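Computed from the coordinates by the stated procedures, all read-outs in this text should not be read as laboratory data. Predicted, not measured: the structure shown is a model, and the values here were computed from it. No Cβ is skipped: glycine too gets one built from the backbone with ideal geometry, and neighbour counts run over all protein chains shown.
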Amino acid sequence: MTRWLSRSALLLVLLIAAYPFIWCLLSSFKSNREIHQPGNLLPSSFDPFAYRLLFSGDFIDFGEVLGRSLLLSGGQALLATLVCSAAGFALAKVGFRAKPLVFVLALLVILYPRQAMSLSVFDWMSDMGMSGSLFGLLLSGAASGLGVIFFTQVFGKVPDELIDLARIEGRSLGGTFFTLIPLISPALTTFAALHFLLCWQDHLLPLLILSHDQLTLPLALSRLSDSSFRIPQAVGLAAGVLSMIPLLLLFGLSFRRMRTALSEWVVS
Amino acid sequence: MYKLRGANACGSSPSLLLLIGPFVCLWGLFWLTPLCNGFGLAMGISVHSGSSYDFIRGWENFIRASEDAKFLHSLKNTLTFVGGTLGILLPLGFFLAAVIFDLKKRWRPICLFLLIVPSLALPGTLATLFYLFFHGKSGALNQFVTIPLGLDPINWMTDPAWILPCLIFQAVWRWTGLITLLLYCGMRSIPQWQFEVARIEGVSSWGRLRTILLPGVRHLIFFSAIFLTIDGLVSFSGAYGLLGGSGGVADAGLLFVTYLYQVAFPGGSGRMDLPLASAMSVLTASIATFCALFLIRLRNRLGIDQ
């Protein structure tokens, strides 16, 4: 009985979690009048007018926006993974005097979040001439405190004997680090995917730092849903659907590796 | 000089610097310097025209911030938002993880993946979906919750009493999947012999939940609490998407970062008062740090050592 009840509750939560997105996909083919009847799931016809409008460039250059978001999130995820895994390796496997200090620096980034000081990041980047710079924005999120702690935990689980072996083979410290990379690839994929997700969804810093014509997806979406532009609502929904595809692919392809990495490397 | 764990070899500093250096440089450039810059701005030091004693207005901006009724209101809203999100999300995530853990192996990834779908959507998409699907007289919330209970339909986003619960609903909808995934992975890493012993001793499913699963993921619940507290305190995009940069009717949904944006830039209240906004930012970031440290202290006191 309890099992039956708990499974019914799970089913209900799954429905609440996923059904609106099926509705979103189908509503991207609907007119405004149809959209305002949320009880109706299917559109009267599958005319992809919203997708045509989205790529027509009448409202925003969606292809360019998508490319910019991919470049920013992909670039930042790759850089953050490299920087944090290197620091995590040093913290887990190398003894040096400033080790506790570096650990505290990483912890500080978590405890005193960058988003809370977005204004001063914006002001500082303007002073450095990085206002409107995609590269500056990419660099600003690459030092992830969570990433360093994550990789310290991961490298802590790598047997010391492997380090010995690499040293016997005459590898340098950097060489030893790169030798271990294939071993922790599920953890690398997991962190990169999660960092990509957080960067992909970041709204405030791109809003402050990038110029009006340099939209990322969150900014483009809020422009498309701005009623003053009188854009058909299906266009905003179509943009929402398209913005989820890269993440669904990324998480779909790496989901098994993520579960393995989280279970075996991080949370145990 | 450094020494490798498990190896007798020592190395020189340049190769260690290559590993640590990029993180420390980026930390200094994009965390420490903006922090000092923010504190300088809050103290009224003009960083554009060069620091000068004449520009220093001391603690005046902090006093102005602490006397700003709207700022205090936004903080109260934000703390309620964080408390509400944590209060719902952590028990719900644990419950769902336990139910999924009890399913046959082939169903588990499907359920987990479906649950994380809202986490993969942009907060703007969640806000649009909330407006079009859940909100409104014929929306899902009224059709499936309010009307079946025999109540009048609620206009969720114009009734001040319901604006903040809507923001909490959106946050819970967004994060449930990832928190469940994390707790599920924690449950998977509990040694199998514990379940075997429980089975031999005939422990009920409630007993298994209380004596094996909960202690097994307590450290992850605390980690999730810290993550959600910090994320909630600096939450912006969800409220921005739902309320269009305002605080909603009677500022019932005014969160701290939204107010910060209103104070600092035109388009909000048009005040462009960057020093005051910086002072508010420093105050609130300190609260975020305090909350996180409190949770860590609580975790240590409860003896959750992992």
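Structure notes:
- Amide H to amide H distances under 5 Å link A:VAL94 with B:ARG5, where only residues 5 or more positions off or on other chains count and H is placed in the peptide plane.
- Dipole magnitude for the stretch A:163-262: about 260 debye, using +1 per Lys or Arg Cβ and -1 per Asp or Glu Cβ, origin at the Cα centre.
- When both the stretch B:192-235 and the stretch A:162-194 are represented by their alpha-carbon centers, they are found 31 Å apart.
- Counting beta carbons within 10 Å around each of A:PHE251, A:PHE49 and listing the fewest first gives the order A:PHE49, A:PHE251.
- When the Gaussian network model of chain A links Cα atoms closer than 10 Å, the mean-square fluctuations of A:LEU78, A:LEU165, A:LEU242 top out at A:LEU165.
- Under 17 Å from the Cα of A:LYS99 - lysines, other chains or at least 8 residues apart: B:LYS3
- Top of B:GLY28, B:GLY40, B:GLY177 by mean-square fluctuation, Gaussian network on chain B, Cα under 10 Å: B:GLY28
- Spatially proximal aspartates and glutamates relative to A:LYS30 (Cα-Cα < 13 Å; intrachain offsets below 8 disregarded): A:ASP47
- Sum of side-chain charges, A:CYS199 neighbourhood, beta-carbon under 14 Å (Lys, Arg +1; Asp, Glu -1): +1
- Relative to the dominant Cα principal axis of chain A, helix A:145-156 is inclined by about 50°.
- Scalar couplings 3J(HN,Hα) for the stretch A:98-108, obtained by applying the Karplus form with A = 6.51, B = -1.76, C = 1.60 to θ = phi - 60°, are 8, 4, x, 5, 4, 5, 5, 4, 5, 5, 4 Hz; x denotes Gly and Pro.
- Unit charges at the beta carbon, dipole of the stretch B:63-145: most positive-side option, B:ILE110, B:ALA140, B:SER66: B:ILE110
- A dipole drawn for chain A from +1 and -1 charges on Cβ atoms has a positive end, and of A:MET117, A:GLY75, A:LEU10 the residue lying farthest that way is A:LEU10.
- Given charges at beta-carbon only (K, R positive; D, E negative), |dipole| of chain B in Debye: 1140 debye
- Centroid-to-centroid, using Cα positions, the stretch B:62-125 and the stretch A:44-88 are 25 Å apart.
- GNM result for chain B, Cα springs below 10 Å: residue of B:LYS105, B:LYS70, B:LYS137 fluctuating most strongly: B:LYS105
- Structure-based [θ]222 nm, chain A - -39500 (n - 2.57) summed over DSSP H runs of at least 4, per residue, nearest 500: -22500 deg cm²/dmol
- Checking every one of the chymotrypsin sites (Phe, Trp or Tyr not before Pro) in the stretch B:139-211 against DSSP loop status and a limit of 15 other Cβ atoms within 10 Å picks out no site at all.
- Coil-residue trypsin sites (Lys or Arg not before Pro) of the stretch A:95-194, DSSP, other Cβ within 10 Å capped at 14: A:ARG97, A:LYS157
- Cα centre as origin, Lys/Arg/Asp/Glu Cβ charges: the protein assembly as shown dipole, Debye: 1740 debye
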